[in-house]
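One structure is given below, represented as structure tokens, and several questions about it will come after.
The values are calculated or read from the model by the stated rules, or taken from the named source; none is laboratory data. It should be emphasised that the depicted structure is a prediction, and the values quoted were computed from it without experimental measurement. As a convention, Cβ positions derive from the backbone with ideal geometry for all residues, glycine included, and neighbour counts pool all protein chains shown. We work out accessible area using only protein heavy atoms, side chains counted, and drop any ligands, DNA or RNA first. Shrake-Rupley method; radii C 1.70, N 1.55, O 1.52, S 1.80 Å.
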There are 4 protein chains.
Amino acid sequence: MPPARKPDPGRRSERSRQAVLAAARELVAEVGYTKVTIEAIAARAGVGKQTIYRWWPSKGAVVFDSFLALSQEADDDAMALPDTGDLEADLKTVMRATVAEFADPAFEAPIRALNTEIITDPGLAAQYREKLAAPVDAVKKERLRSAQRAGQLAADADLDLVLEVLYAPLYQRWLHRSGPLTPEYADALVEVTLRAFAP
Amino acid sequence: MPPARKPDPGRRSERSRQAVLAAARELVAEVGYTKVTIEAIAARAGVGKQTIYRWWPSKGAVVFDSFLALSQEADDDAMALPDTGDLEADLKTVMRATVAEFADPAFEAPIRALNTEIITDPGLAAQYREKLAAPVDAVKKERLRSAQRAGQLAADADLDLVLEVLYAPLYQRWLHRSGPLTPEYADALVEVTLRAFAP
Amino acid sequence: MPPARKPDPGRRSERSRQAVLAAARELVAEVGYTKVTIEAIAARAGVGKQTIYRWWPSKGAVVFDSFLALSQEADDDAMALPDTGDLEADLKTVMRATVAEFADPAFEAPIRALNTEIITDPGLAAQYREKLAAPVDAVKKERLRSAQRAGQLAADADLDLVLEVLYAPLYQRWLHRSGPLTPEYADALVEVTLRAFAP
Amino acid sequence: MPPARKPDPGRRSERSRQAVLAAARELVAEVGYTKVTIEAIAARAGVGKQTIYRWWPSKGAVVFDSFLALSQEADDDAMALPDTGDLEADLKTVMRATVAEFADPAFEAPIRALNTEIITDPGLAAQYREKLAAPVDAVKKERLRSAQRAGQLAADADLDLVLEVLYAPLYQRWLHRSGPLTPEYADALVEVTLRAFAP
DNA sequence: TACTAACCGAGACGGTACGTCTGGTCTTGAG
DNA sequence: CTCAAGACCAGACGTACCGTCTCGGTTAGTA
């Protein structure tokens, strides 16, 4: 048996890769994730279908990669959290911003699409945690550690749990559309969390 | 435009309806939601495809209905929460049971499938909240109100928020596979929540 | 076993029968025989499908019956052939009329439809010969016998064969569209036939 | 409107083409033309349905092509007519052979099917005349011209008309099943035709 | 005058096939 | 060897009809 010919990444066309990712992003925004097809991505990108199948295992992987590429551009910019010394104020600022972001209809479709795939495909879920969630969480935890040192948060608090209590309710409300996402709601989550993990 | 002929529900075959819902449930469990096809459901149910298209608008709606039917059977049974007078103990019991339920691989596929559809389709999300989530939440809130009367929970606590803080982290961990679902985790969530909403 | 309930012709609704035949005729003219469906006939006639299936065995039978009904109206009128004493002149008159009839686009669709079914279904072919062709042929043969008595045709000529030689070429040309149907062609067929069967 | 993408015949798979035509021929022989479906042809041929729809516009066209392919094999063989110098004897030989051929039940189904389609579809009728009828007629006319030179047929006879008078009655009898096809009938047609077109 | 048996319009049912669309693989020709 | 292009096999999609089967509601003819 021949050793299962794998493509040689060295020869990969960067031009095609970019075109595919751009086409994927555009199509998800235009027609919604479920209606995007590999054929349409290939056609829009001016690329043969085989070129996509050669380098990505599934539609989900292509779309995921296109988000990854997007976020890595963003990383250079907004990867910093405010630290005024007042944890509650800082968290409220961040949470209100998050609420606003979720309300933006341009983010709606792609993020829901992303979640659809993550729920279904454990491989993509792992990549999501590693490549997208982890870096963002690291920054947040850094701010929380700063608060612990300042005595504004219990020193033995499990920071992963803190982030979950802070964000998961917001995230779930948005996903299930089970309630309004208001600045007041953002504030309430911060207050609840700080009371739960008070020193 | 003709007035979009609608089927007459009075003539609907209950036999076929049940067969379709049963087939849908079985197939989702066997091959996973995305690989289920309307053709397969029709074949398994011994039903013409048109009979499905006549009464349901989409695959998601069929599968959702099949879950609904399931849960309504369950309602007759386990619709009661323990009330020993000790809120923390009672909640831990419930949360540990929830954790165990999520760990059951037989629940894995259908519930992930359900979430996939809910995220995408606002109509199904609304039905989900109304028909599935609301009744369950009502029971839980009843227990919480009992605790408020007993002085174990802040009298002015927003019960929807309490439930979110309690359940959303667990739910998110499971959906994203972002951490282990252990009895200890269940306990921790209960403790954190009670501290946050202490009287 | 019950004696295979047959419908009682006594209770048959003449109203429905007429409506079905009229609808069939109209639809064949409008969309062509192959595109006519029983459902469409029933809908157009304002009749339940079962009413058609009760009284006719197939779409072909319905359409055939609708032609039969038409022709029987016509019988009262034009069932006579000219007999001026000059066989050649009389036949040319008749053949030129036939050519003109075939050229009428309103006759095109139904007659082609009729032939399609006759070719395929031996039962309909038998009915066609008996109910439609035979009466017309009888009239023509009567004229030929008159010509035999007048010494304008061989006394021992096989009249079926005479009619075939006279009409089959015309009929075939029309069916296969293998040549123009002109008055001259009609004349030529008469002349050829008379020479072949000259006394 | 986009320019209606056409398939590139250069890339067409000869393998698939042959498999489709063979499957079509077999199925028409086995179950009859009207009961043949595109799905069945595709399945039998081991071909995707799209491959049929890509290259043929209709079931009729596929079946017609399968006949065409058959006849082109036959052309190499029997494309010769006897020419003993005696026109009457030669024509009787040929007509009796034709009668025998029509009596063969193996030819029954396909040829009736062919006629069904030709009657309905002008495009196929044109193809039929050009690809199937014309070559055969050319050979026959050659024999007739030889007879004209030999003084056995009127020098000014319209050979198309001669062939029609000779064959159309036979053809019509068979199509309509309006009479027996016997060797005597074949002889009678030859005699009638020769008398009609005697020098 | 009531009963009752059939037909009637309507339309849901289990099916088959349609013609289209997409998935994922394979082939061709250019660079 | 990669790439764009696109034909290929496979099979699901949603629609249209098939022929059968209830449903109530007329509409006879019988009692």
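In the set B:A168, B:A126, B:A89, which member is in contact with a Pro (Cβ under 7 Å, 6 or more places away or on another chain) and free of Cβ contacts under 8 Å to residues at least 40 places away in the same chain? Let's see the steps before the verdict.
Numbers: B:A126 fails: in contact with a Pro (Cβ under 7 Å, 6 or more places away or on another chain); B:A89 fails: in contact with a Pro (Cβ under 7 Å, 6 or more places away or on another chain).
None of the other options fit; the residue is B:A168.
Looking at the structure I just gave you, is B:P183 open to solvent by 40 Å² or more (accessible area, probe 1.4 Å), closer than 20 Å to B:E101 by Cα and more than 11 Å from chain A (Cβ to nearest Cβ)?
yes
Kindly indicate which of B:L170, B:L175, B:L189 is under 13 Å from B:E88 (Cβ atoms) and open to solvent by less than 10 Å² (accessible area, probe 1.4 Å).
B:L189 is the lone residue from the list that is under 13 Å from B:E88 (Cβ atoms) and open to solvent by less than 10 Å² (accessible area, probe 1.4 Å).
Oh, and also: Quickly run through the stretch C:125-160 and pick out the residues that are closer than 18 Å to C:K92 by Cα, open to solvent by less than 30 Å² (accessible area, probe 1.4 Å), assigned to a helix (DSSP H, G or I) and not charged (D, E, K, R).
C:L144, C:S146, C:A147, C:L159
Right, here's the next one. Out of A:D86, A:D77, report the one residue that is at pLDDT 80 or above and within 25 Å of A:L166 (Cβ to Cβ).
A:D86
Which of the residues spanning the stretch A:29-67 are away from every other protein chain (no Cβ under 14 Å), surrounded by fewer than 16 Cβ atoms within 10 Å (Cβ to Cβ) and away from DNA strand E (no atom under 11 Å from the Cβ)?
A:E30, A:G46
If we keep just the residues of the stretch B:86-101 that are part of a helix (DSSP H, G or I), surrounded by fewer than 17 Cβ atoms within 10 Å (Cβ to Cβ) and of a type outside the set (V, I, T), which is nearest to the other protein chains (Cβ to nearest Cβ)?
B:E88
Test each condition in (1) of a type in the set (D, E); (2) touching a Gly at 6+ places or on another chain (Cβ under 9 Å); (3) away from chain C (no Cβ under 13 Å) for D:E142 and report the one that comes out false.
The single condition D:E142 does not satisfy is (2).
Out of all the residues in the stretch D:1-28, which are charged (D, E, K, R), closer than 17 Å to D:A113 by Cα and either near DNA strand F (Cβ under 10 Å from one of its atoms) or buried (at least 18 other Cβ atoms within 10 Å of the Cβ) (or both)?
D:R25
May I ask you to say which residue of C:V139, C:V62 is within 28 Å of C:E30 (Cβ to Cβ), in contact (Cβ under 8 Å) with a residue 24 or more places away in the chain and among the β-branched types (V, I, T)? Don't jump to the end; show me each part of the working.
Working: C:V139 fails: within 28 Å of C:E30 (Cβ to Cβ).
Only one candidate qualifies: C:V62.
Here is a follow-up. Please indicate, with yes or no, whether at least one residue in the stretch C:188-197 is within 15 Å of D:D160 (Cβ to Cβ) and facing another protein chain (nearest Cβ under 7 Å).
There is at least one residue in the stretch C:188-197 that is within 15 Å of D:D160 (Cβ to Cβ) and facing another protein chain (nearest Cβ under 7 Å).
Can you name the number of the only condition in (1) facing chain A (nearest Cβ under 8 Å); (2) of a type in the set (A, V, I, L, M); (3) farther than 22 Å from B:R96 by Cα that B:L161 fails?
Status for B:L161: all satisfied but (3).
Which one of the conditions (1) in contact with a helix residue (DSSP H, G or I) (Cβ under 7 Å, 6 or more places away or on another chain); (2) crowded, with 19+ Cβ neighbours inside 10 Å; (3) within 14 Å of chain D (Cβ to nearest Cβ) does C:D121 fail to meet, given that it meets all the rest?
Status for C:D121: all satisfied but (2).
Select from the stretch B:58-81 the residues that are acidic (D, E) and either within 12 Å of DNA strand F (Cβ to nearest atom) or over 15 Å from the mean Cα position of the chain (by Cα) (or both) and list them in ascending order.
B:D76, B:D77
Those residues that are more than 9 Å from DNA strand F (Cβ to nearest atom) and aromatic (F, W, Y), I need them from the stretch C:32-57; list them, please.
Correct list: C:Y33, C:W55, C:W56.
Next question, about the same structure. Would you pick out the residues in the stretch D:122-177 that are modelled with pLDDT of 95 or more and of a type in the set (S, T, N, Q)?
Once the filter is applied, which keeps residues that are modelled with pLDDT of 95 or more and of a type in the set (S, T, N, Q), the stretch D:122-177 yields D:S146, D:Q148, D:Q152, D:Q172.
Now a separate question. Would you call C:L163 more than 14 Å from C:K92 (Cβ to Cβ), among the hydrophobic types (A, V, I, L, M, F, W, C) and free of Cβ contacts under 8 Å to residues at least 60 places away in the same chain?
It is true that C:L163 is more than 14 Å from C:K92 (Cβ to Cβ), among the hydrophobic types (A, V, I, L, M, F, W, C) and free of Cβ contacts under 8 Å to residues at least 60 places away in the same chain.
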